[in-house]
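Read the structure below first, then the notes.
The values are calculated or read from the model by the stated rules, or taken from the named source; none is laboratory data. Since the structure is predicted, the reported quantities are computational estimates derived from the model, not experimental observations. Using ideal geometry, Cβ is built from the backbone for each residue, glycine included, and neighbour counts are taken over all protein chains shown. These accessible areas exclude ligands, DNA and RNA; they are computed on the full protein's heavy atoms, side chains included. Shrake-Rupley method; radii C 1.70, N 1.55, O 1.52, S 1.80 Å.
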Amino acid sequence: MRKVMKRVGALMASVVIALSSSIVAAAEEGYTYNYDYWGDVQYGPDAYAVSGVYTSVELGLDKKLTLAESLYVHENMLYICDTGNNRIIEMERTEIDKFEVRRYIDSFKGKAEVKTLSGPTDISISEDGNYMFICDKGNERVLKLDKDLNYIMEFTKPTDATFDQSLSFQPHRLITDKAGRVYCIATNVNKGLIKFEPDGVFSGFVGATPVSYTMADYLRKKFATAAQRAQMEAFVPTEYSNIYVDDSGFIYATSFNISAADIDTGKIAPIRRLNLLGNDILIRNGEWKVIGDLYFDKGGGADGPSRFTDVTTFDNDVYTCLDKTRGRLFTYDDQGRMLWAFGGTGGNTKGYFKIPVSIEHMGYDLIVLDQQEASITVFSPTEFGNMVFSALDQFSAGEYEKSAESWQKVIDLNGNYDLAYIGIGRTLLRQERYKEAMEYFELKYDRDNYSRAFKHYRQEWIEDNIVMIIVVVLLVLCVPLAIGRIKRIKWQIDTADIFRV
């Protein structure tokens with residue numbers, strides 16, 4: 001029944017798309033939105049507000065950012081990969097609305113043959129802050145420097161047979177784990193993440209995406225001639241667009257080149273959470289897929305599904321994906337439920353972008369890099385956003401009563417916010433108030449959690465009423481036997497009197 005209702009909802013949404021170009025286009029009516037159980041767009045209070053837009057001039061740079069590729073945050077330090085100017089800018093956030101340049105990193109000291117950067121595209125800092133790793137794409141290497149910019153070593157093109165030697169090594173994005181291992185994405189390499197051990201040894205590929213093809217594609221290729229097969233598109237994994245490592249050491253990886261067919265079949269996920277074995281362990285318990293916009297069509301210069309170009313995750317496993325197609329930010333909780341979506345492309349209005357390419361966070365503040373505008377935008381949570389974060393954090397800390405109170409305040413701010421009702425239900429479930437939890441889950445059609453609460457409620461009811469249940473069972477079993485016994489005795493008495501006569 002649930003699937004039928006969802007399909008009906010999707011069909012209705014398709015009609016809306018046909019009549020008004022697309023549901024996504026309707027997002028022009030509001031800035032922050034979400035999807036309800038039926039898949040309808042629901043506008044609500046803004047979860048984030050722009051606290052500042054900083055151009056090269058406002059950042060105090062000596063020259064304009066050129067083709068800047070990515071951002072990286074370490075504590076209160078912000079790093080901007082100013083790719084077109086062959087440098088990385090190290091900045092400190094000295095105040096909530098102020099960044100100060102600390103140094104320009106365009107060269108280093110040491111034994112390397114080439115001591116300058118060429119088109120750096122990404123950077124990562126070790127947990128202790130003593131080392132930095134740089135994607136020096138133009139020089140086809142990943143550099144490891146100490147904090148004083150002394151050369152330590154470099155990771156270069158793997159000579160292993162599993163790496164196509166006809167390809168140049170152009171590292172594009174990278175992360176490092178607590179053990180000092182390096183994982184990077186390289187241009188035109190689609191076998192997964194390239195993994196280097198701390199000593200620089202290539203140790204293989206991790207987390208290749210599943211190959212996507214239809215049965216018709218397979219049959220055409222199966223029966224085609226060699227010449228025809230050579231002209232056909234190969235069945236190969238999709239390249240990753242970006243990666244991010246969370247505090248637990250899990251890797252979030254986004255895939256950019258995903259089609260509407262991939263979204264429909266679900267064979268390729270726009271975002272994955274990889275463990276050490278490269279397996280996707282991202283939790284997807286929400287009503288809808290973790291794909292950004294649910295409905296899409298041509299409009300406003302955008303075409304096709306949301307394409308995640310970057311992702312950042314908070315300490316509470318809430319993560320935000322940056323959609324390059326329509327310039328939107330989609331935030332999901334640790335269960336894969338969308339918390340909100342906001343943003344857009346076009347115009348010079350604060351909170352909108354031209355070409356957003358990278359996202360990072362400081363605390364709960366979000367920082368987005370706009371490549372075309374050569375600027376960064378800082379978003380800070382509103383009262384509504386902070387209240388949602390408080391509810392989630394309190395739940396994770398086991399403070400269920402406080403979490404329920406925070407969710408109630410969220411409802412006071414937005415009575416249509418489904419996750420608040422589900423959040424209260426989850427806190428009641430943890431407090432073993434199963435019947436009350438069932439009421440909240442039923443209110444927002446959360447059948448999975450309702451079933452979980454009902455199971456516990458049923459067990460609790462049986463335990464509380466076990467004596468009554470036993471008495472009823474005994475009565476049901478014994479009363480008929482007693483009645484039968486009494487009838488038999490009466491019959492024996494009656495027949496005995498007849499024989500005596």
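When LYS111 is tested against (1) open to solvent by 60 Å² or more (accessible area, probe 1.4 Å); (2) under 20 Å from PHE202 (Cα atoms); (3) modelled with pLDDT under 95, only condition (2) is not met. Of all residues in the range 224-262, those that are open to solvent by 20 Å² or more (accessible area, probe 1.4 Å), over 25 Å from PHE330 (Cα atoms) and either modelled with pLDDT of 55 or more or among the β-branched types (Val, Ile, Thr) (or both) total 4.
Output yes when any residue across the range 84-99 is under 30 Å from SER124 (Cα atoms), modelled with pLDDT of 50 or more and in a helix (DSSP H, G or I), and no when none is.
Pass one, the range 84-99, residues under 30 Å from SER124 (Cα atoms): 84-99.
Still in the list and also modelled with pLDDT of 50 or more: 84-99.
Next, from what is left, pick out any that are in a helix (DSSP H, G or I): 84-85.
Yes, the range 84-99 contains at least one residue that is under 30 Å from SER124 (Cα atoms), modelled with pLDDT of 50 or more and in a helix (DSSP H, G or I).
All conditions in (1) under 18 Å from ILE185 (Cβ atoms); (2) surrounded by 21 or more Cβ atoms within 10 Å (Cβ to Cβ) hold for GLU140, with the sole exception of (2).
Would you point out the residue of the range 367-379, among those that are over 12 Å from GLU69 (Cα atoms) and out of contact with any Ser or Thr (no Cβ under 6 Å at 6 or more places or on another chain), that is surrounded by the most Cβ atoms within 10 Å (Cβ to Cβ)?
So the first thing to find is which residues in the range 367-379 are over 12 Å from GLU69 (Cα atoms), and the list is 367, 373, 377-379.
Filter again for out of contact with any Ser or Thr (no Cβ under 6 Å at 6 or more places or on another chain), leaving 367, 373, 377, 379.
Numbers: ILE367: 22, GLU373: 18, THR377: 22, PHE379: 26.
This residue is PHE379.
Somewhere in the range 340-351, is a residue touching a residue at least 40 places away in the same chain (Cβ under 8 Å), within 22 Å of TYR79 (Cα to Cα) and not charged (D, E, K, R)? The answer is yes; a qualifying residue exists. Pairs, please: C-beta under 7 Å, at least 6 apart or cross-chain, first residue at positive phi and in the range 194-205, second open to solvent by less than 50 Å² (accessible area, probe 1.4 Å)? So the pair list comes out as GLY200/MET153; GLY200/PHE155; GLY204/LYS195.
Filtered by the rule that a residue be closer than 17 Å to PHE330 by Cβ and assigned to a strand (DSSP E or B), the range 372-400 gives THR377, PHE379, PRO381.
State yes or no: is ASP412 open to solvent by 40 Å² or more (accessible area, probe 1.4 Å), without any contact (Cβ under 8 Å) to a residue 12 or more places away in the chain, part of a helix (DSSP H, G or I) and closer than 30 Å to ASN34 by Cα? Taking the combined requirement at face value, the residue satisfies it.
Could you check the range 308-371 for strands (runs of 3 or more DSSP E) lying wholly inside it with 3 or more residues that are under 24 Å from ASN285 (Cβ atoms)?
Details: elements: 308-313, 319-323, 328-332, 338-343, 356-362, 365-370.
Strands (runs of 3 or more DSSP E) meeting the threshold: 308-313, 319-323, 328-332, 338-343.
To keep it simple, each residue is scored yes or no on (1) open to solvent by less than 70 Å² (accessible area, probe 1.4 Å); (2) more than 30 Å from TRP340 (Cβ to Cβ); (3) at pLDDT 85 or above.
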| position | (1), (2), (3) |
| --- | --- |
| ARG426 | yes, no, yes |
| GLN431 | yes, no, yes |
| TYR434 | yes, no, yes |
| MET438 | yes, no, yes |
| ASN449 | yes, no, no |
| VAL467 | no, yes, no |
| ILE483 | no, yes, no |
| THR495 | yes, yes, no |
| ARG500 | no, yes, no |
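Kindly indicate whether any position in the range 114-129 is within 15 Å of MET153 (Cβ to Cβ) and in contact with a helix residue (DSSP H, G or I) (Cβ under 9 Å, 6 or more places away or on another chain). Walk me through it before giving the result.
Just the residues of the range 114-129 that are within 15 Å of MET153 (Cβ to Cβ), to begin with: 114-115, 124, 126.
Next, from what is left, pick out any that are in contact with a helix residue (DSSP H, G or I) (Cβ under 9 Å, 6 or more places away or on another chain): 114.
Checked against the condition, which is being within 15 Å of MET153 (Cβ to Cβ) and in contact with a helix residue (DSSP H, G or I) (Cβ under 9 Å, 6 or more places away or on another chain), the range 114-129 yields at least one hit.
One residue stands out among those in the range 143-176 that are of a type in the set (Asp, Glu) and surrounded by fewer than 18 Cβ atoms within 10 Å (Cβ to Cβ): the one that is nearest to GLY192 (Cα to Cα), which is ASP164.
In the set (1) in contact with a His (Cβ under 6 Å, 6 or more places away or on another chain); (2) within 18 Å of GLY423 (Cβ to Cβ), THR312 fails one condition alone, (2). Among the numbered conditions (1) among the hydrophobic types (A, V, I, L, M, F, W, C); (2) free of Cβ contacts under 8 Å to residues at least 40 places away in the same chain; (3) over 30 Å from THR349 (Cβ atoms), the only one that ILE422 does not meet is (2). If we scan the range 389-403, do we find a residue that is closer than 19 Å to LEU322 by Cα and either among the charged types (D, E, K, R) or without any contact (Cβ under 8 Å) to a residue 40 or more places away in the chain (or both)? No; the residues of the range 389-403 include none that is closer than 19 Å to LEU322 by Cα and either among the charged types (D, E, K, R) or without any contact (Cβ under 8 Å) to a residue 40 or more places away in the chain (or both).
When the range 188-210 is examined, which residues are found to be under 22 Å from SER358 (Cβ atoms), touching a Phe, Trp or Tyr at 6+ places or on another chain (Cβ under 9 Å) and not aliphatic (A, V, I, L, M)? ASN190, GLY192, GLY207, THR209, listed by residue number. Under the condition of being part of a loop (DSSP other than H, G, I, E, B), over 27 Å from GLU360 (Cα atoms) and hydrophobic (A, V, I, L, M, F, W, C), the residues counted in the range 161-212 number 5.
Restricting attention to the range 100-143, which residues are farther than 18 Å from MET77 by Cα, of a type in the set (D, E, K, R) and part of a strand (DSSP E or B)? Within the range 100-143, LYS109, ASP136, ARG141 meet the criteria.
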